[in-house]
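To start, the structure under review is shown below, and the notes come after it.
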Amino acid sequence: MSEQSSTKKIPVLIVGGGPVGLALAGDLGWRGVPNLLVEKGDGSVFQPRMDMVGIRTMEFCRRWGIVDWVENAGYNRNYSQDYAWVSQLHGGYEFGREEFPIVKDEPKPPQSPQKRERCPQNFFDPVLTRFANRSGLTEIRYQTEYLSHVEHANGVTARLRNLATGKEELVDCQYLVGCDGGASKVKEVLGVKMSGTPTLTYTTNAIIECDGLEKLHDKKPGYRYIFIGPEGTWATMVAINGRDWWRLSIVGDGTMRTIGEEEIGKTFIRAVGRDDVKFRIISIMPWIRRQLVADDYGTDRVVIAGDAAHLTSPTGGFGMNMGIQDSVDLGWKLQGLVEGWGGSHLMRSYEIERRPVAIRNVNEATNNLKLMLTPREYLNQQVFEPGPEGDLARKEFGDAYTQMMKREWYTIGIHLGFRYEGSPIVLPDGTPEPEDTVTTYEQIARPGHRAPHVWLEPGRSTLDNYGLEFVLMRFDPSVSIEGFKAAAKACKLPFKIVDCDNEEARRLYATKLVLVRPDGHVGWRADGEPSDPAYVLDVLRGVKAVSTEAMRREEVAAL
């Protein structure tokens, strides 16, 4: 056995230095919780697997004060964001196109103070690393491998190995989070299995450098091209930096095959439509598109997050954003447990809240994949014929495909509409659950849902109140809240009161009192203080589980 050093002690150990692990480390540091992140790689991004930072993730970035870091990370925000489906770029047919504003000019929707941003992983990971390092409470160790752990009553002992020296080390932590990807070692040690479809397609990604590609073909510039030939959908290509880097994805099927540089080169030439195109293949990554969700998310002290917990087709851009939602859900709960004001139901609520969201999102992503691959099942071959009949066939196919694909392009409901129904740390108010939509989203302050955004003044949103504390929003100053004040003080809960005199907010939040959790989700609401405010806080901080018996008649009447 390799030499083993003495035991280090840390409140939270994070395994995996991708965007999910980095976001958790940064969020914990922002909350004042020391943590150690270990990553077996060197921190470099071999293949940027994600490129869209979703609107909810950008709301978290706003909370953390790093929006400008994302916007200035390196992507060309003046580059076209159109999506187009073509037979090939030069000389080929364009079947349809969905036009979008350039990143810099895309407006913010009325439901949020932010908008989605284009920031591929090779730009986003350094932003999150900078964020994680900012607090001074996160230690990041690269080339450090997690080997195993033992969980005991008061914490976890993990065994690590320095890959450069071979030296092993024991780390004592209160909690361990595995953010170490689909092949998670933490998940393996836990014995957690995954359910779903292990193989949707075998796909090969290649990062290709090609300067001035837009001048080499006769189509309008675009961010994403879907290539459709007689065999159906055969490849996609996206702008990785909005300049000269492109990610070519050869979309396979259920048959595993090895694709080398020669075939990738031929595929790129076919996509561009010119034999004289000059390009350089920077990296190649074969991967398996999966539809899997973990059967459980871990134990009271060791949990998994991100790709370790759910694997999804990238069609829709849900994967990384869903993982960062996992991190934010965990961040405040770990803070409560480490600082002592949180109870055991906090960690147990993590799987109850996040696993249904994962099932919903991976199913939606697979449905998007099936829509994208529809031309493999049915395609009028006349779309490749010149002349009026071909023109008509192309228009019919293009219009239908464009309309069908809108479900993938417009997904605000997926990104903002997830809710924590049945959570043990949310007190329901008896109102019916609204429809869970994809392309639209109506804000609602129902318990379990994201607290609504309203502009309170130029540049200041209701969302700017949330993050570090439980926030009691009061929309009528005559309503007494002395019971909540006393209960919060007694249990040393991070707690603040915000009096809000805004008609739009009053309408959206719907009741006179709304209690918002640190993650920005509503935990409780009513028109007056309950008879036992301490019970409400005990539920929301995980000391007591919600029960219908505990909802006294007078509390229900107040809702």
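The values are calculated or read from the model by the stated rules, or taken from the named source; none is laboratory data. None of these values were measured; they are calculated from a predicted model. With ideal geometry, Cβ positions are generated from the backbone for all residues, glycine too; neighbour counts draw on all protein chains shown.
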**OP:** Taking the residues in segment 1-60 that are among the β-branched types (Val, Ile, Thr) and part of a loop (DSSP other than H, G, I, E, B) as candidates, determine which candidate is surrounded by the fewest Cβ atoms within 10 Å (Cβ to Cβ).
**Re:** Val45
Original post:
Pick from Ala550, Ala490, Ala486, Ala545: which is among the small types (Gly, Ala, Ser), at pLDDT 95 or above, within 29 Å of Asp300 (Cβ to Cβ) and surrounded by fewer than 21 Cβ atoms within 10 Å (Cβ to Cβ)?
Top reply: Ala490
Original post:
Listed residues Asp538, Asp499; which is within 27 Å of Phe418 (Cα to Cα), at pLDDT 95 or above, loosely packed, with under 14 Cβ neighbours inside 10 Å and in the same structural domain as Tyr466 (by TED's automatic domain parsing)?
Top reply: Asp499
Subject >> Test set (1) over 29 Å from the mean Cα position of the chain (by Cα); (2) under 23 Å from Asp82 (Cα atoms); (3) at pLDDT below 95 - Tyr378 fails condition number >> reply: (2)
**OP:** Go through segment 33-74 and count every residue that is modelled with pLDDT of 95 or more and of a type in the set (Ser, Thr, Tyr).
**Re:** 1
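Every residue, every condition in (1) in the same structural domain as Ile304 (by TED's automatic domain parsing); (2) at pLDDT below 95, yes or no:
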{"site": "Gln174", "(1), (2)": "yes, no"}
{"site": "Lys185", "(1), (2)": "yes, no"}
{"site": "Lys215", "(1), (2)": "no, yes"}
{"site": "Ile226", "(1), (2)": "no, no"}
{"site": "Gly229", "(1), (2)": "no, no"}
{"site": "Thr236", "(1), (2)": "no, no"}
{"site": "Leu248", "(1), (2)": "no, no"}
{"site": "Gly254", "(1), (2)": "no, yes"}
Original post:
Taking Asp399, is it touching a strand residue (DSSP E or B) at 6+ places or on another chain (Cβ under 8 Å) and assigned to a helix (DSSP H, G or I)?
Top reply: yes
Original post:
Inside segment 397-423, can you point out the residues that are farther than 22 Å from Phe100 by Cα and surrounded by fewer than 20 Cβ atoms within 10 Å (Cβ to Cβ)?
Top reply: Glu421, Gly422
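Being of a type in the set (Gly, Ala, Ser), touching a helix residue (DSSP H, G or I) at 6+ places or on another chain (Cβ under 8 Å) and not in a helix (DSSP H, G or I): is that true of Gly336 here? Before the answer, list the steps.
On the way: of a type in the set (Gly, Ala, Ser): yes; touching a helix residue (DSSP H, G or I) at 6+ places or on another chain (Cβ under 8 Å): yes; not in a helix (DSSP H, G or I): no.
Judged against the criteria, Gly336 is not a match.
What are the residues in segment 122-159 that are among the polar types (S, T, N, Q) and modelled with pLDDT of 95 or more, if any?
Here is the first cut: in segment 122-159, the ones among the polar types (S, T, N, Q) are 122, 129, 133, 135, 138, 143-144, 148, 154, 157.
Matches in segment 122-159: Thr129, Asn133, Ser135, Thr138, Gln143, Thr144, Ser148, Thr157.
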**OP:** Kindly provide the set of residues from segment 500-533 that are in contact (Cβ under 8 Å) with a residue 12 or more places away in the chain and in a helix (DSSP H, G or I), ordered by number.
**Re:** Glu504, Ala505, Arg506, Leu508, Tyr509, Pro533
Original post:
Within segment 90-107, is there a residue that is basic (Lys, Arg) and either assigned by TED's automatic domain parsing to the domain that holds Asp519 or surrounded by fewer than 18 Cβ atoms within 10 Å (Cβ to Cβ) (or both)?
Top reply: yes
**OP:** Scan segment 31-44 and report the pairs whose first residue is assigned by TED's automatic domain parsing to the domain that holds Ser184 and whose second residue is polar (S, T, N, Q) and assigned to a strand (DSSP E or B), with Cβ atoms within less than 6 Å and a gap of 6+ or a chain change.
**Re:** Asn35/Thr138; Val38/Thr144
